[in-house]
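What follows is one structure encoded as structure tokens, with my remarks underneath.
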Amino acid sequence: MTALLELRNCSKVYKSGFFSPKVTVALDDFSLTIDEANPTITAVVGESGSGKSTLGSLLMGFIGPTTGQVFYRGKDMTTLSGAEHWQFRQDVQAIFQDPFAAYNPFYTVDHVLTVPIRKFGLARNKEEAREKMGDALRKVGLRPEEILGRYPHQLSGGQRQRIIVARAMLLKPKIIVADEPVSMVDASLRATILESIYTLHKELGVSVLYITHDLTTAYHVSNQIVVLYKGSVMEGGEVSNVVKQPQHPYTRLLIDSIPWPDVSLQWGKEPVIKDDGSSPTTTTGCKFASRCPHVMPKCREAAPTFFEVNPQQASACYLSESSPALAKSDLHRVLNKA
Ligand SMILES: Nc1ncnc2c1ncn2[C@@H]1O[C@H](COP(=O)(O)OP(=O)(O)OP(=O)(O)O)[C@@H](O)[C@H]1O
Ligand code: SF4
Ligand SMILES: [Mg+2]
């Protein structure tokens, strides 16, 4: 079956600086498949600079990979026709961290809803458009009569973000890339917004890529999880497997540094070793070696591949090498079982 969206062995390298250019490998040989028939919520977690937004931008088609390919409905993104690109724009929608950026301050908030309705021909007349806008707003817990006709600065951050979720609902996309969608809203509203995104997934069968540095919400919302470190996947699989029995020392470190209020999880305390501050560049061996309490000589010689620790979990660490090896491009096999 053809995947809806697929990243195949994608790397993204940034060069910055004029006299002595600095090379940053923001994403390193990354593969992911999103199927239409099996909608999922995939959390992508990792520290700042691990490549999460770069991955989101690749999926949204905002940037192209330095090496590797992105396929939409089986076709290389660089070869899409005008009509296919139009379909892609409707199928793949974004929800970003800062909802304010999606608004034009000179227009009322109605604008972010009426433009896509017009652009994608979603209503036959003004009345139908108004009805659809009202339905979408009510679905995300907003009262249309309180929202429509106002300017963006007259609403709260949480209301602005919920309107963006309502816009995504209107377009009935197949995939939503949500990059830190709740990190700028009040804690009390986070659950409401994540719930709206979850409703989109459940009711409309939308796949969601939930990009976050917050493992707690990732655990509660998603089915599967990908843990990124300096552009590489350290561990991936079904979310409760990975969170309750993390196999990779980096995942353990991430989990051990979180105060979990309501989940009783058992794992050994990992010593917290601070990041050496280096940016992701090309390295031989395991990228986590300089922080890893279990580092072995071979870790510095060659990067480990994935090891399938169970049918729903893979870890890129030599500590799991007694499990069957899995090619990097085959991570989706483990993820899609989640
Ligand atoms: N346009 C760019 N030019 C140069 N380097 C970049 C560019 N965009 C991102 N980077 C670098 O690529 C790496 C990955 O960045 P990215 O924004 O994908 O990380 P992130 O995981 O989203 O981080 P955060 O949690 O802070 O949002 C970082 O080292 C970043 O500095
Ligand atoms: S491969 Fe080695 S350095 Fe990397 S996480 Fe595993 S034990 Fe640590
Ligand atoms: Mg980011």
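Laid out as a table, the results:
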{"read-out": "Gyration tensor (alpha-carbon) shape descriptor, the chain, a/c threshold 1.5", "value": "prolate"}
{"read-out": "Principal-axis tilt of helix 126-139 within the chain, Cα atoms, nearest 10 degrees", "value": "40"}
{"read-out": "Pairwise FRET efficiency - ALA101 versus THR283, Cβ, R0 = 35 Å, nearest 0.05", "value": "0.55"}
{"read-out": "Cut-off of 10 Å, at most 14 other beta carbons, DSSP loop: longest stretch of the chain lacking such trypsin sites (Lys or Arg not before Pro)", "value": "1-123"}
{"read-out": "Pair GLN87, ILE258: separation of 7 Å Cα→Cβ label points (nm)", "value": "3.7"}
{"read-out": "Sequence-distant residues sharing a close amide H with VAL309 (under 5 Å, placed H)", "value": "ALA314, SER315"}
{"read-out": "Amide H contacts of VAL177 (H built 1.01 Å from N, under 5 Å, at least 5 apart or other chain)", "value": "GLN93, ALA94, ILE95, LEU209"}
{"read-out": "Residue order for THR78, THR24 - accessible surface, 1.4 angstrom probe, largest first", "value": "THR78, THR24"}
{"read-out": "Prolate/oblate/rounded label for the range 48-191 (Cα gyration tensor, a/c 1.5)", "value": "oblate"}
{"read-out": "Extended-chain gain in nm, criterion 0.36 nm per residue less alpha-carbon gap, LYS15 and ILE63", "value": "15.9 nm"}
{"read-out": "Label-point gap, in nm, between ASP76 and THR305 - each point 7 angstrom along Cα→Cβ", "value": "2.5"}
{"read-out": "FRET efficiency for THR216 and ASN125, using Cβ-Cβ distance with R0 set to 51 Å, rounded to 0.05", "value": "0.70"}
{"read-out": "Pair VAL23, GLU47: separation of 7 Å Cα→Cβ label points (nm)", "value": "2.3"}
{"read-out": "Vicinal HN-Hα couplings computed from phi for the range 151-167 (Karplus, 6.51 cos²θ - 1.76 cosθ + 1.60; Hz; Gly/Pro x)", "value": "8, x, 6, 8, 10, 7, x, x, 5, 4, 5, 5, 5, 5, 5, 4, 4"}
{"read-out": "Mean residue ellipticity (222 nm) of the chain, computed from DSSP H runs ≥ 4 via -39,500 (n - 2.57), nearest 500", "value": "-9000 deg cm²/dmol"}
{"read-out": "Per-residue HN-Hα couplings for the range 8-24 [Karplus 6.51, -1.76, 1.60; θ = phi - 60°; Hz; x = Gly/Pro]", "value": "10, 6, 8, 10, 10, 10, 9, 10, 9, x, 9, 7, 10, x, 9, 9, 10"}
{"read-out": "If the convex hull is drawn through the Cα atoms of the range 143-226, its volume per residue in Å³", "value": "101"}
{"read-out": "TYR72, TYR318, reordered so the largest accessible area comes first (probe 1.4 Å)", "value": "TYR318, TYR72"}
{"read-out": "Relative contact order %, the range 76-193, counting alpha carbon pairs below 8 Å whose residues are six or more apart", "value": "41"}
{"read-out": "Extension gain from SER240 to ASN336, taking 0.36 nm per residue of separation minus the Cα-Cα distance", "value": "33.1 nm"}
{"read-out": "Residue-count net charge about GLY64 - beta-carbon cut-off 14 Å; Lys, Arg +1, Asp, Glu -1", "value": "+1"}
{"read-out": "Heavy-atom accessible area order for GLU145, GLU84, largest first, 1.4 Å probe", "value": "GLU145, GLU84"}
{"read-out": "Largest-first principal axis extents, alpha carbons of the range 39-101, Å", "value": "36, 30, 25"}
{"read-out": "Unit Cα scatterers, Debye sum, the range 7-131: log10 I(q)/I(0) for q = 0.15, 0.17, 0.21 Å⁻¹", "value": "-0.92, -1.08, -1.30"}
{"read-out": "Mean separation of Cα contacts under 8 Å (6+ apart) over length of the chain, as relative contact order %", "value": "20"}
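The values are calculated or read from the model by the stated rules, or taken from the named source; none is laboratory data. Since the structure is predicted, the reported quantities are computational estimates derived from the model, not experimental observations. Every residue, glycine as well, gets a Cβ built from its backbone with ideal geometry; the counts of neighbours run over all protein chains shown. Just the protein is used for accessible areas: all its heavy atoms, side chains included, with ligands, DNA and RNA removed. Shrake-Rupley method; radii C 1.70, N 1.55, O 1.52, S 1.80 Å.
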